[in-house]
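What follows is a short report on a single structure.
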Amino acid sequence: MSYLITNEIFSDYLNCKYKVFLKFTGKTATKTEYEKLQKRLLQKYRQYVRKSLISKKYMNGGIIEKITLSDIVKQKFGFGFFIREKFKDLKVHFDALIKEDSSCTSYVPVSFIRKERVQINDKLNLAFCGAVIGERLNTIPQFGRIIYGNNISMVRVNFDVLIPKVTSIVMALRNLIASDNSPQMHLNKHCKICEFRAKCYRNAVENDDLSLLSGLNQKKIQKINNKGIFTVNQYSYTFKPRRRRKSRDKKITCYPELKALAIRENKIYVHGTPELPHSKVEIFLDIEGLPDKNFYYLIGLIINENGNFHDYSFWANSSNEEDNLFYQLQKELNKYRDYIIYHFGNYEKKYLKSMSKKLENSQSRKVKNIINRCYDLLPVFVSNIYIPTYSNGLKDIANFLGFSWTDKSGSGIQSIIWREKWELSRSNIIEDKLKQYNKDDCLALVNVKNFVSENRYRNE
């Protein structure tokens, strides 16, 4: 059976080679809710961009839709939407094609992307379209364009560096089709939204695969494999206790082999003594947002003032209310002269830094003061406290410690799905669900911080 290399297959390969192998060998699974929703939203965005470009009269030389690349060249149209082309084993969809000069064969590909930022995989996917144009017309375009975001911004992407990478990937895909050998399976960040997630995770657990340890990337795993170590259990025997040297260097040292040992023995290990700041006012901060849109829409706080707990939730309906969201946070923080803000991961600090850049100098200094009061609990679990969980995610750690979320399906990906659905429906039920999820994150932080306080002197 012959297989075609499509936009989807090429994109899948960038995320996971094993996923492509599963598809080539006839494996199927139901698309995740996230994938389904993103596909619908992308289709809607493509129509939005199309209407906007037509209204702005951006195109010259006539417009055509839903025909092949060969036909658009023959008919010498200047602009085409939703063009398709099949050439040999390549089958590609173009969001748009633009004729950049008077030559009827000089077309460049255009991609439409909902996100507010363009990433390397977006550029490679566009270059793949450019490579197919080169195969079909014997002339590779020198560049392509990406239209992205709600403001329909446009960026030029040069192909000189990208085309050789695309050629190499296409060759690798052809070799994968021709071979019966499976690439090694590695769990990675894409698994959260992949239709094969359950299958791969189940296989990884059965094989005690090293990629279960989220702190190990594929490159590190390969180095470990080269030493004849292939399972978490085997890896756990490589840990050698080390005495921590006193140093001014605050670089975080991680021992994934100690994590493996904790899992093997189902035991908590404390390596060194994590430092915790002290204040009579403890603030637990969690922020929800849409990373692809650079949009922060929900701030949750739990404030512990001498044992008295208060919780707050600040919500933004749109990006126009984002500044007001911060001012509500700032107003609450201004009530206290001294405090510590606990958070988990860099997302909250990233938000504060983004606000610091947006605000005037006097306000920016106040934001920097807030940042200086932040304490990230995640590095404690990377460097000092090793919990018998495969990842150091807040949910995994808090669940192990006995905390549970109100909605068991809640997660970072699920919160994105909920917000995207709220954008379409403005449902109070979904809004309440997001606020509760955010509050639960803050409560989980309280539990995790208390655990660290109680166990940080226990060296094992």
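If you check Y3 against the conditions, is it in contact (Cβ under 8 Å) with a residue 40 or more places away in the chain, in a helix (DSSP H, G or I), among the hydroxyl-bearing types (S, T, Y) and farther than 16 Å from I113 by Cα?
Values: in contact (Cβ under 8 Å) with a residue 40 or more places away in the chain: yes; in a helix (DSSP H, G or I): no; among the hydroxyl-bearing types (S, T, Y): yes; farther than 16 Å from I113 by Cα: yes.
The answer is no for Y3.
When the residues of the stretch 6-18 are filtered to those that are of a type outside the set (F, W, Y) and closer than 19 Å to D89 by Cβ, the one that is surrounded by the fewest Cβ atoms within 10 Å (Cβ to Cβ) is E8. The listed residues are L352, L298, and the only one of them that is free of Cβ contacts under 8 Å to residues at least 40 places away in the same chain, within 26 Å of N392 (Cα to Cα) and among the hydrophobic types (A, V, I, L, M, F, W, C) turns out to be L352. Each residue in the stretch 419-436 was checked for being without any contact (Cβ under 8 Å) to a residue 60 or more places away in the chain and crowded, with 20+ Cβ neighbours inside 10 Å, and 1 of them qualify.
Among the residues of the stretch 231-241, which ones are of a type outside the set (S, T, Y) and out of contact with any Leu (no Cβ under 7 Å at 6 or more places or on another chain)? Answer for the stretch 231-241, where residues must be of a type outside the set (S, T, Y) and out of contact with any Leu (no Cβ under 7 Å at 6 or more places or on another chain): N233, Q234, K240, P241.
Quickly run through the stretch 415-431 and pick out the residues that are part of a helix (DSSP H, G or I) and over 24 Å from the mean Cα position of the chain (by Cα). Outline the logic, then answer.
Just the residues of the stretch 415-431 that are part of a helix (DSSP H, G or I), to begin with: 415-425, 428-431.
Residues satisfying the conditions are S425, N428, I429.
Inspect all residues belonging to the stretch 112-127 and state whether any of them is surrounded by 22 or more Cβ atoms within 10 Å (Cβ to Cβ) and over 21 Å from Q47 (Cα atoms). Yes; the residues of the stretch 112-127 include at least one that is surrounded by 22 or more Cβ atoms within 10 Å (Cβ to Cβ) and over 21 Å from Q47 (Cα atoms). If you go through the stretch 262-271 and keep only what is in a helix (DSSP H, G or I) and more than 15 Å from F381 (Cβ to Cβ), you end up with R264, E265. For the stretch 181-252, the helices (runs of 4 or more DSSP H) that sit wholly inside it and include 3 or more residues that are farther than 22 Å from D12 by Cα and modelled with pLDDT of 95 or more are 218-225, 232-236.
Out of K99, K115, K123, one residue alone is within 13 Å of L69 (Cβ to Cβ), among the basic types (K, R) and in the same structural domain as T68 (by TED's automatic domain parsing). It is K99.
The values are calculated or read from the model by the stated rules, or taken from the named source; none is laboratory data. Keep in mind that this is a model prediction, so the values were computed, not measured. All Cβ positions, even for glycine, are placed from backbone atoms using ideal geometry, and neighbour counts span all protein chains on display.
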